[in-house]
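For reference, the structure is listed below as structure tokens.
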Amino acid sequence: MTKDKLNKKDLWVFVIPFLALIVLFGMITSIYVKKQINELLKISEESTINIADTYADSLINYREATDIVVNLLDEKILVASEAVLLLDDSISSHSLIDVAKRFQVDQINLYNSRGEILYSNEEDYVGWNAYEGHPVYDFMISKQITLVEDIRQDTENKKFYKYGYVKRNDNTFVQIGVSADNIHSYISKFEIEQVIENITKTEEVEQVFFIDKNFEILASSISERVGEEIGDSGIREYILKAETGAGRSAIKGVESFHTYAPIFYNNEWVGTLSIVWKSDLMDSEIKSIIFSGIIELFITIFVIGAILHFAYRKNKSNIKIAYYDTLTGLPNAFYMDEYLSYKIKNLAKNKMAVILINYKNFKILNATYGFKYGDTVLKQMAIKMKDIIQPNNMLFRFNADRFVLVAEDYKDKEELLAIAQEIIEVIRNPIYGGFKYEYVDAEIAIFEIHDPKITVDKILQDTTLALNNLIKKSNENIIWFDQDMEVDLKRKDKIESTIRDIISGDDRKSFYLEFQPKVDTKTNKVIGFEALARMTIDGLGNISPLEFIELAEDRLLIYKLGNHILERAIDFVKNLVNSGHKNLMIAVNLSAMQILRNEFLDDVNLLINESGIDTSMLEFELTESFFLDNFETINDKLEDIKKLGISIALDDFGTGFSSFSRLRDLKIDTVKIDQSFIRKISELDESDLLTADIISMSHKLGLNVVAEGVENEEQRTYLKKFKCDILQGFLISRPIKCKEALEFLKCR
Ligand code: C2E
Ligand code: CA
Ligand code: CA
């Protein structure tokens with residue numbers, strides 16, 4: 001569980017997939033770019049192969065055509081030589097001229113056995129002697145009878161001829177020569193050069209080479225390089241493979257792209273055609289592929305980045321709305337619940353405590369200076385507290401003016417106390433911006449968590465309870481939720497559940513009413529009873545109504561319990577009537593929360609109608625404190641109650657707002673002087689007592705006066721002297737059960 005939901009660490013949740021996507025798209029783009037480049041290379045490779053194939057085809061055609069022509073020449077030479085042989089002894093230069101004409105050959109020479117030309121159709125050649133190393137000489141000394149040479153240059157006239165030889169019986173021999181100047185020029189212009197010339201004309205081609213098996217450049221678009229041997233091992237490798245291929249390598253220091261296509265003739269590999277492509281064109285194409293790849297990648301990264309950025313921001317603001325308080329920026333109660341639940345579950349050996357901080361007088365501050373001012377104070381308080389908290393502690397805004405600090409890994413109680421004191425100090429000290437800081441004070445309740453099964457709700461409930469206890473003590477600022485409180489809490493829970501059972505009718509033995517008689521001061525006759533609620537719980541004994549009534553009010557059970565009391569009091573009235581006592585008045589104590597409920601009057605009416613009792617036998621007792629807050633509203637309600645015929649008594653008179661002017665306006669019939677005034681009768685001098693004045697003033701306002709808590713004769717004498725109307729107290733009787741009350745009436 002992170003201490004900060006907006007922590008930068010959360011950013012990784014977005015950054016990691018973002019980086020992963022960048023890597024992924026980077027890979028996809030590079031694969032795509034590589035593929036595009038490969039395709040481009042392949043197209044170039046294919047086009048070289050096509051060119052090579054075309055060349056191979058034309059080479060084959062050329063070779064065939066050359067063969068045919070050469071064969072024809074050979075035949076011509078042979079036929080002419082046969083004719084010369086037929087001449088026999090009649091050979092002369094003249095006869096040779098005839099034969100040459102007839103068979104359309106260019107040279108006919110007859111050599112003697114020593115290689116000297118005896119006769120020739122060309123007069124000039126007669127007498128020429130073949131010398132050692134000359135092809136004629138080679139034939140002469142060989143054992144061959146006939147020979148047709150390849151086309152060669154004549155050693156004498158430097159023209160090209162195809163020569164044939166035939167030996168005669170006497171070792172003389174005939175040489176026939178056919179001019180092959182035209183054929184030679186055709187052959188010598190080796191077709192590959194033509195092809196190379198054509199290829200070079202192609203726009204994208206830089207250089208063309210035809211390299212033979214020995215790595216010698218046989219032909220090239222760069223004539224100076226013909227005859228050169230390729231030294232580059234990379235290129236040699238391509239050539240040796242005798243396969244089509246493409247590659248990049250440096251030729252004479254210049255990076256270039258080249259393709260290779262082997263040329264086959266008669267199934268025999270004769271060499272490799274290598275084309276060097278204009279690298280700038282190729283490069284710019286490759287560059288544009290890479291460039292567009294990068295652009296696509298950047299667009300993708302930008303789009304994904306933007307999407308993730310907005311998702312992150314949205315997520316962050318959602319977290320902020322859900323988990324943070326808008327005013328102070330502190331984590332809120334929702335976050336606190338999640339955080340504490342997690343921490344409690346993982347409560348190992350670590351110490352952990354909840355510190356509940358409450359701003360004292362915050363309501364007054366709001367009321368005096370306005371809510372805006374209150375908000376500003378809260379904000380500044382939050383900032384100041386944030387400044388002092390340790391990193392292992394965490395501060396939340398719990399509700400309006402309450403904050404919760406979750407402290408962890410502290411040493412001991414002392415340290416917790418120091419934290420609490422520091423917070424109080426910080427809050428008390430003047431804060432920025434001219435605040436009326438004298439209004440700002442804090443109360444703190446500390447709850448140490450030991451039970452890993454405890455719920456967050458329970459902790460907060462208990463801590464709040466501790467704080468409420470503190471508020472009652474009022475002079476202290478820090479309170480610990482301790483064992484006593486826990487016991488107290490358990491007691492309260494038990495009482496609460498008993499009240500619920502009483503209301504629902506499940507519990508009929510724990511609760512009952514007692515009745516305390518009231519007597520006429522003059523006649524000492526019983527004029528009525530006050531109904532007092534009683535509760536006895538197994539294990540807890542008797543519970544004072546002061547305790548369980550207050551608890552019923554706190555836990556919002558008082559309305560239903562109040563109705564239950566009223567019902568039982570009416571039962572008592574019925575009992576009295578049935579026993580023949582009609583002119584008595586039964587007083588029932590009410591809580592302000594009962595009267596303020598809209599349905600109260602209807603419910604009272606219903607009970608009265610169901611029971612059929614005379615409403616004049618009912619009286620409601622209300623304490624002075626009732627009227628503090630809702631004077632007008634309650635007074636109006638009283639009027640409605642009185643309309644039903646029920647009397648109203650003001651209880652505990654003299655303890656609250658003892659103003660007679662107000663008393664005049666109240667719709668009441670009776671005043672009950674508080675016990676404290678009666679007690680004083682025995683304690684003070686007659687002249688110092690206000691009791692007599694209260695009685696006479698009340699009489700002046702036309703009200704009946706009851707004295708409660710009358711315990712001795714001295715008090716009774718005094719009250720009688722000053723004409724108090726009714727007496728109630730232990731002197732007459734303690735509160736007694738219904739049966740005893742009926743007995744009590746019989747005795748009088
Ligand atoms: P209260 O209405 O002022 O009731 C009078 C209290 O004084 C009663 O205490 C009664 O027992 C006591 N008392 C009567 N005579 C004497 C005396 O001579 N000396 C002394 N020392 N005390 C005397 P109790 O019954 O404990 O009731 C306490 C308070 O609880 C009541 O004060 C009343 O405020 C409240 N209460 C009791 N029953 C009910 C009820 O049914 N409904 C409501 N709303 N409050 C009730
Ligand atoms: Ca009372
Ligand atoms: Ca009273």
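The values are calculated or read from the model by the stated rules, or taken from the named source; none is laboratory data. Computed from a prediction, not measured in an experiment: that's the story for all the values here. When we count neighbours, we look across all protein chains shown, and the Cβ atoms used for this are built from the backbone with ideal geometry, even at glycine. Note: areas computed on protein heavy atoms with side chains; ligands, DNA, RNA excluded. Shrake-Rupley method; radii C 1.70, N 1.55, O 1.52, S 1.80 Å.
Of the residues making up segment 719-731, those that are part of a loop (DSSP other than H, G, I, E, B) and in contact (Cβ under 8 Å) with a residue 24 or more places away in the chain are Phe722, Lys723, Cys724, Asp725, Gly729. When Glu338 is tested against (1) without any contact (Cβ under 8 Å) to a residue 40 or more places away in the chain; (2) open to solvent by 30 Å² or more (accessible area, probe 1.4 Å), just one condition goes unmet, and that condition is (1).
Could you pull out the residue among Asp106, Asp67 that is more than 30 Å from Ala219 (Cα to Cα) and among the charged types (D, E, K, R)?
Values: Asp67 fails: more than 30 Å from Ala219 (Cα to Cα).
Matching residue, one of Asp106, Asp67: Asp106.
Looking at the structure I just gave you, is Ile634 within 60 Å of the chain's Cα centre (by Cα), within 15 Å of ligand 1 (Cβ to nearest atom) and within 17 Å of Glu624 (Cβ to Cβ)? The answer is yes for Ile634.
Filtering segment 622-644 to residues that are away from ligand 3 (no atom under 16 Å from the Cβ), surrounded by 15 or more Cβ atoms within 10 Å (Cβ to Cβ) and aliphatic (A, V, I, L, M) leaves Ile634, Leu638, Ile641. Looking at Phe302, Phe362, just one residue is open to solvent by less than 60 Å² (accessible area, probe 1.4 Å) and either under 27 Å from Asp412 (Cα atoms) or out of contact with any Cys (no Cβ under 8 Å at 6 or more places or on another chain) (or both), and that residue is Phe362. Residues in segment 598-631 that are under 57 Å from the mean Cα position of the chain (by Cα), within 16 Å of ligand 2 (Cβ to nearest atom) and of a type in the set (A, V, I, L, M, F, W, C): Phe626, Phe627.
Within segment 375-387, is there a residue that is part of a strand (DSSP E or B), of a type outside the set (S, T, N, Q) and in contact (Cβ under 8 Å) with a residue 24 or more places away in the chain? No - not one qualifying residue is present in segment 375-387. For segment 699-717, filtered to residues that are open to solvent by 10 Å² or more (accessible area, probe 1.4 Å) and touching a strand residue (DSSP E or B) at 6+ places or on another chain (Cβ under 9 Å), the residue that is nearest to ligand 3 (Cβ to nearest atom) is Glu708. Scanning segment 193-221 for residues that are β-branched (Val, Ile, Thr) and crowded, with 16+ Cβ neighbours inside 10 Å returns Val195, Ile196, Ile199, Val205, Val208, Ile211, Ile217. Residues in segment 731-748 that are open to solvent by 100 Å² or more (accessible area, probe 1.4 Å) and either under 15 Å from Thr521 (Cβ atoms) or within 16 Å of ligand 3 (Cβ to nearest atom) (or both): Arg734, Arg748.
The residues of segment 58-81 that are open to solvent by 40 Å² or more (accessible area, probe 1.4 Å), farther than 14 Å from Val178 by Cβ and in contact (Cβ under 8 Å) with a residue 24 or more places away in the chain, listed by number, are Ile60, Arg63. If I filter segment 491-514 down to residues being away from ligand 3 (no atom under 16 Å from the Cβ) and among the acidic types (Asp, Glu), which single residue comes out as most open to solvent (accessible area, probe 1.4 Å)? So, considering only residues that are away from ligand 3 (no atom under 16 Å from the Cβ) and among the acidic types (Asp, Glu), the one most open to solvent (accessible area, probe 1.4 Å) is Asp506. Residues in segment 365-387 that are open to solvent by 10 Å² or more (accessible area, probe 1.4 Å) and either closer than 18 Å to Ile478 by Cα or among the hydroxyl-bearing types (Ser, Thr, Tyr) (or both): Thr368, Tyr369, Tyr373, Thr376.
Filtering segment 665-676 down to residues that are more than 13 Å from ligand 2 (Cβ to nearest atom), in contact with a strand residue (DSSP E or B) (Cβ under 8 Å, 6 or more places away or on another chain) and open to solvent by less than 70 Å² (accessible area, probe 1.4 Å), which residue is farthest from Glu708 (Cα to Cα)? Spell out how you get there, then give the answer.
The first filter runs over segment 665-676 and keeps only residues more than 13 Å from ligand 2 (Cβ to nearest atom), leaving 665-669, 676.
Cutting the leftovers down to in contact with a strand residue (DSSP E or B) (Cβ under 8 Å, 6 or more places away or on another chain) gives us 666-669.
With open to solvent by less than 70 Å² (accessible area, probe 1.4 Å) added as a condition, the list becomes 666, 668-669.
Working: Leu666: 21, Ile668: 17, Asp669: 16 Å.
Top of the filtered list is Leu666.
Here Lys560 fulfils each of the conditions (1) touching a residue at least 60 places away in the same chain (Cβ under 8 Å); (2) more than 16 Å from ligand 3 (Cβ to nearest atom); (3) not hydroxyl-bearing (Ser, Thr, Tyr) apart from (1).
Results for (1) at pLDDT 90 or above; (2) within 16 Å of ligand 1 (Cβ to nearest atom); (3) open to solvent by 30 Å² or more (accessible area, probe 1.4 Å); (4) of a type in the set (S, T, N, Q), shown as yes or no for each residue.
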{"site": "Val406", "(1), (2), (3), (4)": "yes, no, no, no"}
{"site": "Asn475", "(1), (2), (3), (4)": "no, no, yes, yes"}
{"site": "Glu486", "(1), (2), (3), (4)": "no, no, yes, no"}
{"site": "Gln516", "(1), (2), (3), (4)": "yes, yes, no, yes"}
{"site": "Lys525", "(1), (2), (3), (4)": "yes, no, yes, no"}
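Candidates Ser616, Ser661: the one that is without any contact (Cβ under 8 Å) to a residue 12 or more places away in the chain, open to solvent by 20 Å² or more (accessible area, probe 1.4 Å) and more than 16 Å from ligand 1 (Cβ to nearest atom) is Ser661.
Rundown of residues vs (1) in a loop (DSSP other than H, G, I, E, B); (2) open to solvent by less than 50 Å² (accessible area, probe 1.4 Å), yes/no style:
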{"site": "Ala569", "(1), (2)": "no, yes"}
{"site": "Lys574", "(1), (2)": "no, no"}
{"site": "Gly580", "(1), (2)": "yes, no"}
{"site": "Met593", "(1), (2)": "no, no"}
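Taking the criterion of being at pLDDT 95 or above and open to solvent by 60 Å² or more (accessible area, probe 1.4 Å), the residues of segment 551-567 that qualify are Lys560, Glu567.
The conditions of being open to solvent by 40 Å² or more (accessible area, probe 1.4 Å), within 16 Å of ligand 1 (Cβ to nearest atom), among the polar types (S, T, N, Q) and not in a loop (DSSP other than H, G, I, E, B) are met by Ser682.
Leu644 fulfils the conditions (1) in contact with a strand residue (DSSP E or B) (Cβ under 9 Å, 6 or more places away or on another chain); (2) within 15 Å of ligand 1 (Cβ to nearest atom) except for a single criterion, (2).
Of everything in segment 529-549, what is in contact with a strand residue (DSSP E or B) (Cβ under 8 Å, 6 or more places away or on another chain), over 21 Å from Ala741 (Cβ atoms) and not in a strand (DSSP E or B)? Give them in sequence order.
Restricting attention to segment 529-549, the residues satisfying the condition of being in contact with a strand residue (DSSP E or B) (Cβ under 8 Å, 6 or more places away or on another chain) are 529-537, 542-543, 545, 548-549.
Among the residues that remain, those that are also over 21 Å from Ala741 (Cβ atoms) are: 537, 543, 548-549.
Those that are in contact with a strand residue (DSSP E or B) (Cβ under 8 Å, 6 or more places away or on another chain), over 21 Å from Ala741 (Cβ atoms) and not in a strand (DSSP E or B): Phe548, Ile549.
Given the residues Arg734, Arg662, Arg716, which is the only one that is outside any strand (DSSP E or B) and within 16 Å of ligand 2 (Cβ to nearest atom)? Unique residue meeting the criteria: Arg734.
When Glu610, Glu619 are checked against the criterion of being charged (D, E, K, R) and within 16 Å of ligand 3 (Cβ to nearest atom), Glu619 stands alone in meeting it. Within segment 295-316, identify whether any single residue is touching a residue at least 40 places away in the same chain (Cβ under 8 Å) and not in a helix (DSSP H, G or I), and answer yes or no. Checked segment 295-316: no residue is touching a residue at least 40 places away in the same chain (Cβ under 8 Å) and not in a helix (DSSP H, G or I). Of the numbered criteria (1) more than 13 Å from ligand 1 (Cβ to nearest atom); (2) closer than 26 Å to Asn609 by Cβ; (3) assigned to a helix (DSSP H, G or I), the one Ile565 fails is (1).
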